[in-house]
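A.B. asks: Please find one structure pasted underneath; my questions will follow.
The values are calculated or read from the model by the stated rules, or taken from the named source; none is laboratory data. The structure presented is a predicted model; accordingly, all values stated were derived computationally and were not measured. In this analysis, Cβ positions are derived from the backbone assuming ideal geometry, glycine residues included, and neighbour counts consider all displayed protein chains. Each accessible area value is taken on the protein alone, full model and side chains, heavy atoms only, with ligands, DNA and RNA left out. Shrake-Rupley method; radii C 1.70, N 1.55, O 1.52, S 1.80 Å.
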Amino acid sequence: MLADASSELIQSMTMQFSAKDRLSEHPLRQELYAEMHSRPFRVIETPARISHLVIMCDETQKKSQYQHLLRLCETYGADAPDQDVAFFQMDLNGLQMRREKHLEFIAYTFTSRCDDAEAPFAHSCVGGLPEAWLAGLEGQIITAFHVTVLDVAESGEPDIPQVKQYFDDMRLIGSQPSQGAVQVWTTYQLHDDGYGRFLVYNREMSASQLGRLVQRLVEIETYRLMTLLGLPLARSISPQLRQMDLRLAELTQTLAQGEQQERFDDAQDLLGRLTDIASQVEAYRAQSTFRFNATQAYQAIMFNNIDELREDEVSGHLTLQEFIGRRVGPAVKTCESVAARLEDLSRRIDRVSDMLRTQVDLSIQGQNQELLSSMDRRSKIQLMMQHTVEGLSVAAISYYTIGLVKIFLGVLYDQGISFDKSLALGISMPLVIIVVAWLTRRIHSKFNKLADDPDARSGQG
């Protein structure tokens, strides 16, 4: 009975915990689980034909393509997606369509059965689509190729001269992925129809394994071209960087010569030239940063897929990894080099700007020092002139004051007061001069004190 009571207690506590104390679930938890299954691998039954299109488009064109997809579904009477999802697939009367939306592009993959092993590229999956729908796809095609998958058990082991005919006698690139379970042939060139070609001979892979292999081949070709998109941009920027590097070196040499007084009389010109270089560098950085970062990301995905192929060499032919690595690797290095030069040039511009500002500040300080010295000399001259004017003002004031005294003495004399006017005037003259000089000096001293004493000036105010 004690055991039954304990069991009931534990069950009751568990129910209470589940009802009241359930852990809070992250709002993105379900979405993160679904993301792992958002683009499932396909299952490919041999023999099969596959056409893959990658269309670069902006956000407006992506919305237009969604409407275009709805029209295709309506044409074939297929169920359309309720919204523009990242992944969608449907059956179009035996033609399997797979649509994937990525950051820069939308990929369409069409798959059907191959009924003619003797002419693997005589027909294509896109040939069965409405021409108006295919021509109405908005955006720019960056990748377009056909993949034909044949079974060795049905079509026999491939004969290399015959395989070469399927590729218009172009130079073949081939390998045997998955330790020889399949054989893959391509040329990595466009043919007369504007499409590339891949020919896959299946020896012992299952339909699901073959689907994963074809998916890797599709992604390798897609991301190979997306990786190389950065190379033309790097090539166009590189000569401009050379010119800007030379201009910056010229400015740096000008600053290093130290001819401040002569050079910095025209500091606005130097600042204008430096600002022009800086604006061009920032414009190139804004233009190339995303593209070069995307190049790095696409390269990583591409080489990861190549490694997963686990290729064996077909005697006398380059493998996919050898061919792609030989050219894509240097292209990516070129993009990295141009990106590094842009960053280095930007840092050097910052340092030269600091140098120029320092030199200008020193020049301004020197000019200010000269201005202060000039002002000091002028103050001394003004002081001397003031003393001179002060003496003259004493004489002038005394002259007019003595004139007033003379008139005053004359008035007194006319009123009957008897005295010697000449003697009185003579005695008053030095007294007037002394008093005027003393008063002038006192007023002058008071103003000097106000100029030298801030507290006295504030109190005066």
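A.B. asks: Return the lysines within reach of Lys380: Cα separation strictly under 29 angstrom, same-chain partners fewer than 8 residues apart disregarded; answer none if there are no such residues.
C.D. replies: Partners found: Lys446, Lys449.
A.B. asks: In whole percent, how big is the carbon plus sulfur part of the accessible area of the stretch 170-324, probe 1.4 Å, protein atoms only?
C.D. replies: Carbon-and-sulfur percentage of accessible area, whole number: 46.
A.B. asks: For Lys406, which aspartates and glutamates qualify as cross-link partners when the Cα separation must be under 18 Å and same-chain residues fewer than eight apart are set aside?
C.D. replies: Asp414, Asp420
A.B. asks: Just the number please: accessible area per residue for the chain, 1.4 Å probe, all protein chains included, in Å².
C.D. replies: I get 60 Å² per residue for the chain.
A.B. asks: Per DSSP H run of n ≥ 4, the term is -39500 (n - 2.57); total these for the chain, divide by its residue number, and report the mean residue ellipticity at 222 nm rounded to 500 deg cm²/dmol.
C.D. replies: Counting only the DSSP helices, I get -22000 deg cm²/dmol.
A.B. asks: Mind listing the phi-derived Karplus ³J(HN,Hα) values for the stretch 405-412, rounded to whole Hz, using 6.51, -1.76 and 1.60 with θ = phi - 60°, and x for any glycine or proline?
C.D. replies: Result, rounded to whole Hz: 4, 4, 5, 4, 5, x, 5, 4.
A.B. asks: May I pose another question? Check the straight Cα-Cα distances from Lys101 and name the aspartates and glutamates below 12 Å, setting aside those fewer than 8 residues away within the same chain.
C.D. replies: Asp58, Glu59, Asp84
A.B. asks: Identify, among Leu217, Ser428, Ile141, the residue whose Cα sits farthest towards the positive end of the charge dipole of the chain, taking +1 on the Cβ of Lys and Arg and -1 on the Cβ of Asp and Glu, with the dipole about the Cα centre.
C.D. replies: Ser428
A.B. asks: Which far-off residues, 5 or more places away or on another chain, put their amide H under 5 Å from the one on Gln89, with H placed in the peptide plane?
C.D. replies: For Gln89, whose amide H was placed from the backbone, the distant partners under 5 Å are Arg99.
A.B. asks: Read phi for every residue in the stretch 216-230 and hand back ³J(HN,Hα) as whole Hz from Karplus 6.51 cos²θ - 1.76 cosθ + 1.60, θ = phi - 60°, with x for Gly and Pro.
C.D. replies: Listing the rounded values in order: 5, 4, 4, 5, 4, 5, 5, 6, 4, 6, 5, 5, 6, 4, x Hz.
A.B. asks: Using only the alpha-carbon atoms of the stretch 216-325, report the extent along each of the three principal axes, biggest first, to the nearest angstrom.
C.D. replies: Principal-axis extents of the stretch 216-325 (Cα, largest first): 73, 27, 18 Å.
A.B. asks: Determine the equivalent ellipsoid of the chain by diagonalising the alpha-carbon gyration tensor, then write out the semi-axes as square roots of 5 times the eigenvalues, largest first, rounded to whole Å.
C.D. replies: Ellipsoid half-lengths, sorted descending, are 97, 35, 22 Å.
A.B. asks: Can you give me the orientation-averaged projected area of the convex hull built on the Cα atoms of the stretch 181-224, in nm²?
C.D. replies: 3.3 nm²
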